[in-house]
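*Asks:* First the structure, which I've put down as structure tokens, then a few questions once you've had a look.
Values in this text are rule-based calculations from the coordinates and carry no lab data. Keep in mind that this is a model prediction, so the values were computed, not measured. Here the Cβ positions follow ideal geometry from the backbone for every residue, glycine too, while neighbour counts run over all protein chains shown.
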Amino acid sequence: MLPVFVKDAGGGVIVDVDGNSLIDFGSGIAVVSVGNAAPRVSARVAEQAARFTHTCFMVTPYEGYVEVCEELSNRTPGTHEKRSALFNSGAEAVENAVKIARHATRRQAIVAFDHGYHGRTNLTMALTAKNMPYKDKMGPFAGEIYRMPMAYPLRWPGGREACRTDALAMVTSLIHTQVGEDNVAAVIIEPIQGEGGFVVPPDGFLRGLAEFCAEHGIVFIADEIQTGFCRTGDWFACEHEGIVPDMITTAKAIADGLPLAGVTGRAEIMDSVHVGGLGGTYGGNPVACAAALGTIETMAAEDLAARARRIGDVMLARLHKLADTYQVIADVRGRGAMLAIELTRPGTLDPDPATTSAVARACHQAGLVTLTCGTFGNVLRFLPPLVIEEDLLDEGLSILEDAFAACG
Ligand SMILES: Cc1ncc(COP(=O)(O)O)c(C=O)c1O
């Protein structure tokens, strides 16, 4: 937490009550991709709030909810018939995806991955890999969760090349020997891991996993809560390899900060649940739906997926240069406007969380909001709003370079 209290925010700048300006490379943790006060969002929210703020969709439905589901259906990968249900938070979406997959398959086991993050409710804590700070002494956790090794190129025991060839074989073999394919309801994975360190699996890993799931009647759930809605340069990160998940969870950037999340899946899977089996008082709140429609409209009108790719090009060039200068940077990775650098003791894979937080602190003091992440706390991640102006992006990168000059 930074020692500031926010007065205004927008366009990649946060202004605090003392008049300080900060450049935002965090977007409220990958949420305000269209900016903190996007005109289309603000207008739709104000208009909806003046008409009605709540009725409860399960009792007396309204159009905005259906429109968001139609957008989800049209924009998520795959042309098959889909259904969506809306909830309040990412964790709630993940919980519901698991409920639906179990109900549809009549199986119980859920496969998740090392370094994965799926939320902080009881079931999602069980799915989340990292103990401290997310889970420590907060158990007992939900059962029938099986964790598999993640295809993490930098840290794969046999090196990057081996990761490309071996990771999938290892995971499918472990599922076969330790769980049994017929017991697995779903495999859940972030196409690029978020909190776990922006881990990008080698091309082929996700595709192979999806094919394995299809072969064994396992629901393949892509958790796109952090990667979705243009962040990685496509509407959804699965599109990079042309993967069509059976189910996809969304939240964060979907509604520019208003609480909204979605589960979108194959109609036959979603429809398997009995009437009343899913729901909640606030899920798909009309004001949050209005925000989502304004957000999606902005992303489409301003082609923010292309903007994310451009941000990626600009940032990667400077991050690679930084890595050439400072040996503490062991890896530069990510896609589009979801980028990170991993810091280790030079020449080793020993994580260097101390330098990571020192650089983040130096950035904060110089007016740049950066976030750290990673299982070992040694990853600096960059998630600028997709609407950020290029000179602001450059200025933020210069602050980062100065921070490395001071600490790296
Ligand atoms: C991939 C992923 N899944 C789930 C969640 C949980 O979302 P929420 O914090 O809205 O519950 C997050 C949040 O960071 C996330 O990044």
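*Asks:* Please name whichever of 26, 151, 407 sits farthest to the positive end of the charge dipole of the chain, dipole taken about the Cα centre and charges placed at Cβ: Lys and Arg +1, Asp and Glu -1.
*Replies:* 151
*Asks:* Relative contact order (percent) for the range 243-378, with alpha-carbon contacts under 8 angstrom and 6 or more residues of separation? Walk me through the numbers before you get to the answer.
*Replies:* Numbers: 141 pairs, mean separation 18.4, N = 136.
The value is 14 percent.
*Asks:* Counting only C-alpha contacts under 8 Å and six or more residues apart, can you give the relative contact order of the chain as a whole percent? Walk me through the numbers on the way to the answer.
*Replies:* On the way: 857 pairs, mean separation 96.3, N = 408.
So the answer I get is 24 percent.
*Asks:* OK, next. Tell me whether the chain comes out rounded, prolate or oblate; compute the Cα gyration tensor, take square roots of the eigenvalues as a ≥ b ≥ c, and use a/c under 1.5 as the rounded threshold. Intermediate values should be presented prior to the final figure.
*Replies:* Numbers: a/c = 1.80, a/b = 1.11, b/c = 1.62.
Cα axes put the chain in the oblate bin.
*Asks:* Taking the Cβ of residue 100 as the center, what net charge do the other residues with Cβ under 13 Å away carry, scoring Lys and Arg +1 and Asp and Glu -1?
*Replies:* Numbers: positive: 82, 83, 99, 102, 106, 107, 266; negative: 92, 95, 246, 268, 271.
With Lys, Arg at +1 and Asp, Glu at -1, the net is +2.
*Asks:* Who wins for biggest fluctuation among 384, 61, 140 in a Gaussian network model of the chain, springs between alpha carbons below 10 Å?
*Replies:* Answer for the Gaussian network model of the chain: 140.
*Asks:* Here is a further query. Nothing charged except the Cβ atoms of Lys and Arg (+1) and of Asp and Glu (-1): what's the magnitude of the dipole of the range 108-252 about its Cα centre? Round to the nearest 20 debye. Each step should come with its number before you reach the end.
*Replies:* Values: 11 positive and 18 negative charges, 133 e Å.
Roughly 640 debye, rounded to the nearest 20.
*Asks:* Now for a separate question. If amide H atoms are built 1.01 Å from N in the plane of the peptide, which residues on other chains or at least 5 residues away come under 5 Å of the amide H of residue 262?
*Replies:* When sequence neighbours closer than 5 places are left aside, the close amide H contacts are 87, 250, 251.
*Asks:* Kindly rank 350-362, 254-266 from highest to lowest mean number of other beta carbons found within 10 Å of each residue.
*Replies:* Details: 350-362: 18.5, 254-266: 25.9.
Per-residue Cβ counts within 10 Å, averaged per peptide and sorted highest first, yield 254-266, 350-362.
*Asks:* So, one more: Along the range 133-149, what does the Karplus equation 6.51 cos²θ - 1.76 cosθ + 1.60 (θ = phi - 60°) give for ³J(HN,Hα), rounded to whole Hz, x for Gly and Pro?
*Replies:* Calculated HN-Hα couplings, in order: x, 6, 10, 3, 6, 10, x, x, 9, 4, x, 6, 10, 10, 9, 10, x Hz.
*Asks:* Same structure again: Indicate, rounded to the nearest 5 percent, the antiparallel portion of the DSSP beta bridges found entirely in the chain.
*Replies:* Details: 31 of 47 bridges.
Here the antiparallel bridges make up roughly 65 percent for the chain.
*Asks:* Nothing charged except the Cβ atoms of Lys and Arg (+1) and of Asp and Glu (-1): what's the magnitude of the dipole of the range 292-408 about its Cα centre? Round to the nearest 20 debye. Working shown, then result.
*Replies:* On the way: 10 positive and 16 negative charges, 73 e Å.
Magnitude of the dipole: close to 360 debye.
*Asks:* If you don't mind, another one. Would you pull out the residues with amide H under 5 Å of residue 113's amide H, same chain only if 5 or more places away, H placed 1.01 Å from N?
*Replies:* 148
*Asks:* Compute the Cα gyration tensor for the range 138-256, then decide on rounded, prolate or oblate, letting a ≥ b ≥ c be the square roots of its eigenvalues: rounded whenever a/c is under 1.5, prolate when a/b is larger than b/c in the other cases, and oblate in all that remain. Present the calculation step by step, with values, prior to reporting the outcome.
*Replies:* Working: a/c = 1.45, a/b = 1.20, b/c = 1.21.
Rounded.
*Asks:* From the cross-link list 99/135; 252/321; 7/252; 7/130; 99/252; 82/130, which pairs have alpha carbons spaced over 27 Å apart? Please report the intermediate quantities before stating the final value.
*Replies:* Working: 99/135 21 Å; 252/321 31 Å; 7/252 22 Å; 7/130 34 Å; 99/252 21 Å; 82/130 33 Å.
Violating the 27 Å Cα-Cα cut-off are 252/321; 7/130; 82/130.
*Asks:* Continuing with the same structure: Could you please state, rounded to a whole Å, how far the C-alpha centre of the range 320-384 is from the C-alpha centre of the range 228-253?
*Replies:* That distance is 24 Å.
*Asks:* Then there's this: Could you work out the local net charge near residue 370, counting Lys and Arg as +1, Asp and Glu as -1, over the other residues with Cβ closer than 12 Å to its Cβ? Write out the running numbers ahead of the final one.
*Replies:* Numbers: positive: 361, 381; negative: 24.
Net local charge, residue 370 excluded: +1.
*Asks:* Could you go through the range 179-192 in sequence order and give the Karplus-derived ³J(HN,Hα) for each residue, using 6.51 cos²θ - 1.76 cosθ + 1.60 with θ = phi - 60°, rounded to whole Hz, and x for Gly and Pro?
*Replies:* Running phi through 6.51 cos²θ - 1.76 cosθ + 1.60 with θ = phi - 60° gives 10, x, 3, 5, 9, 8, 6, 8, 10, 10, 8, 8, x, 10 Hz.
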